[in-house]
Structures are given as structure tokens and as C-alpha cells.
Amino acid sequence: MSNSRKVAIITGASQGIGAGLVKAFRDRDYRVVANSRSIKPSSDPDVLAVAGDISDRAVAERIVKEALARFGRIDTLVNNAGVFVAKPFTAYTVEDYANILATNLNGFFHITQLAVAEMEKQRSGHIVNITTTLAEYAIDGVPSVLASLTKGGLNAATKSLAIEYAKRGVRVNAVAPGVIKTPMHGPETHAALASLHPVGRMGEISDISDAVLFLESAGFVTGEILHVDGGQSAGH
Ligand SMILES: NC(=O)c1ccc[n+]([C@@H]2O[C@H](COP(=O)([O-])OP(=O)(O)OC[C@H]3O[C@@H](n4cnc5c(N)ncnc54)[C@H](OP(=O)(O)O)[C@@H]3O)[C@@H](O)[C@H]2O)c1
């Protein structure tokens, strides 16, 4: 098998946006390493499933080790695994706080540190963090400070890492979605959620994968937070 075909690691890949990203990268003939806690082995020989909790350093180490053993390189990392819990501020439990920070922040830190080291050796690579428009534009009636705390941190880290690695061939970008039609949101909530967007609809998974693939091919774009949110970040 040729070693020149690119390799993408996608976290949170068992469903929703992550599963859509696996398909989108495979459609571009990337080989893919797909992670989530419950992910099942794939019948596609170009998809390597590595199960485990992305907040655990040992899981991140396993993903990178198995990616290199099977495919020999790492070109792209999409930090997609994430949890969203909307609650009034004082209703968050200590467990909520620990879980949300673990998945959204530790889940970024460990795998990014390990993958970027491989990209630096190659002198090329691309990291995309999936954040949320809510981090910058909070919505009355959708209290979610822990989403803002963690995804806002990822937005800031996106810019910081982009600058740190700009001269080393590694680009770092973010996609900030509005509300996307995934299993995260039950169908009974769709009408209300659609109305949060100036365009009057929820986003589709393909809206996000299209944006990630755009950034993937946009060699002069780094440190960008690309809002894919039906106009939410423009105003109401
Ligand atoms: N959908 C939206 O409206 C929306 C809006 C803004 C931002 N986002 C962001 O987009 C990303 C994907 O959202 P989604 O709607 O596709 O979510 P989803 O349908 O709930 O899927 C989440 C994925 O992450 C995995 N996951 C959760 N915790 C994990 C952990 N600790 N380690 C490894 N994998 C983990 C889940 O699989 P397992 O259960 O098997 O681990 C699943 O594959 C998230 O970061 C989310 O915050 C979504």
C-alpha cells in the first residue's frame, strides 16, 4: 500500500459530526483513524477504529501509536469529541464540571500534543478544533457556561497554537457550529432549535464536514475560527 496517501485522526467518530467527517475524509481518499469510547471496528481497511476515552492520555498515546504503525503518518487531526450540557449555572454538578472539562479540554490537550509532534517531524499537518458559536455569542434561554468555558478555551488555543506552529508547516483552525442535526438533539427539539438561526434552519452534518474540508485544502488559512452557524455570529 502506498504510504503517500494522507491520514486523518478524527475523535468522537462513532456518530453525528464525527461519523460524517470519517465519511467525508474517506471520500477524499484519506486513510482515517476513528476514535470514540464505543466505536466498533470498521470493515473498511482504510479506517482504523481505536476505542477509548479521549480524555485519557493513554488512549491518545494508543491512537497515535496505532496510526503510525498501521498507516505510517499523521496529516490531520480533527478534535471533534465533545459533550454539551445546557444548564443554569448553579445547576451544574461537580461531576458535570469534571466530565465536561475532561472531554472537551483534556480530550484536546493529550492527542494534540502527541499528534503535533509527529506533524512537526513531517513539517506539515493540520489541526481542526470543533468548537461552538455559543462560546462567543451566548443565547438568552440556552444557559451553557461550561460549553463557553471549554470551547472558548479551544477557540483561544486555536489561535495560540496556529502562531506557535506557523513557521513549522502546521496549520491550526477551528470550526464553530451553530446547532447541528445530530443525535445530540432529539427531533422534538428541532423546530425550536431551528429558530435560533437567522437562516431559520438547523445545520446539517455535511455543513460542518464541508467546512472542515475547506480548511483542509486552504493552505494560507491558519488561526481561523470559521463560523458555520446559519448567521448566528453575524447578529439577530
Ligand atoms: N450538534 C450540535 O449542535 C453542535 C453544536 C456545536 C458544537 N458541536 C460540537 O461538535 C462535536 C460533535 O458533536 P455531535 O453533535 O456530533 O455530538 P454527538 O452526536 O453527541 O457525538 C459525540 C461523539 O463524541 C464521542 N465522545 C463523547 N465523549 C467522548 C470521550 N470522552 N472520548 C471519546 N469520544 C467521546 C461519542 O461517542 P462515544 O459515546 O462512543 O464516546 C460520539 O461519537 C462536539 O464537540 C460538540 O460539542 C455540536
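Which of the strands (runs of 3 or more DSSP E) found entirely inside region 1-80 contain at least 2 residues meeting this: in contact (Cβ under 8 Å) with a residue 60 or more places away in the chain?
7-11, 76-79
Across region 211-236, which residue is surrounded by the fewest Cβ atoms within 10 Å (Cβ to Cβ) among those that are touching a strand residue (DSSP E or B) at 6+ places or on another chain (Cβ under 8 Å) and either of a type in the set (Ser, Thr, Tyr) or within 17 Å of residue 16 (Cβ to Cβ) (or both)?
233
Any residue in region 118-139 that is within 30 Å of residue 3 (Cβ to Cβ), among the hydrophobic types (A, V, I, L, M, F, W, C), part of a helix (DSSP H, G or I) and more than 10 Å from the ligand (Cβ to nearest atom)?
yes
Considering each residue of region 140-156, count those that are away from the ligand (no atom under 14 Å from the Cβ) and of a type in the set (Gly, Ala, Ser), and give that number.
2
Condition check ((1) of a type in the set (Asp, Glu); (2) within 15 Å of the chain's Cα centre (by Cα); (3) under 25 Å from residue 234 (Cα atoms)) across all residues:
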residue: 96; (1), (2), (3): yes, no, no
residue: 105; (1), (2), (3): no, yes, no
residue: 109; (1), (2), (3): no, yes, no
residue: 115; (1), (2), (3): no, yes, no
residue: 121; (1), (2), (3): no, no, no
residue: 132; (1), (2), (3): no, yes, yes
residue: 144; (1), (2), (3): no, no, yes
residue: 147; (1), (2), (3): no, yes, yes
residue: 157; (1), (2), (3): no, yes, yes
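Take the residues in region 1-18 that are closer than 20 Å to residue 60 by Cβ and near the ligand (Cβ under 7 Å from one of its atoms); name whichever of them is surrounded by the fewest Cβ atoms within 10 Å (Cβ to Cβ).
If we take residues in region 1-18 being closer than 20 Å to residue 60 by Cβ and near the ligand (Cβ under 7 Å from one of its atoms), then 14 is surrounded by the fewest Cβ atoms within 10 Å (Cβ to Cβ).
So residue 205 passes all but one of these: (1) more than 14 Å from residue 132 (Cβ to Cβ); (2) surrounded by 13 or more Cβ atoms within 10 Å (Cβ to Cβ); (3) more than 14 Å from the chain's Cα centre (by Cα). Which condition number does it fail?
Failing condition for residue 205: (3).
I want to confirm something. Restricting to region 68-117 and keeping residues that are out of contact with any Ser or Thr (no Cβ under 8 Å at 6 or more places or on another chain) and of a type in the set (Val, Ile, Thr), which single residue is nearest to the ligand (Cβ to nearest atom)?
Here the residue is 112.
Looking only at region 67-107, how many residues end up being buried (at least 16 other Cβ atoms within 10 Å of the Cβ) and not β-branched (Val, Ile, Thr)?
Result for region 67-107: 17.
Need pairs with beta-carbon distance below 6 Å; first residue among the hydrophobic types (A, V, I, L, M, F, W, C) and within region 182-202, second outside any loop (DSSP other than H, G, I, E, B) and at pLDDT below 95; sequence gap 6+ or separate chains.
Note: no pairs meet the criteria.
The values are calculated or read from the model by the stated rules, or taken from the named source; none is laboratory data. Remember, it's a predicted structure, so these values are computed and weren't measured experimentally. Ideal geometry is used to build each Cβ from the backbone, glycine not excepted, and the neighbour counts take in all protein chains shown.
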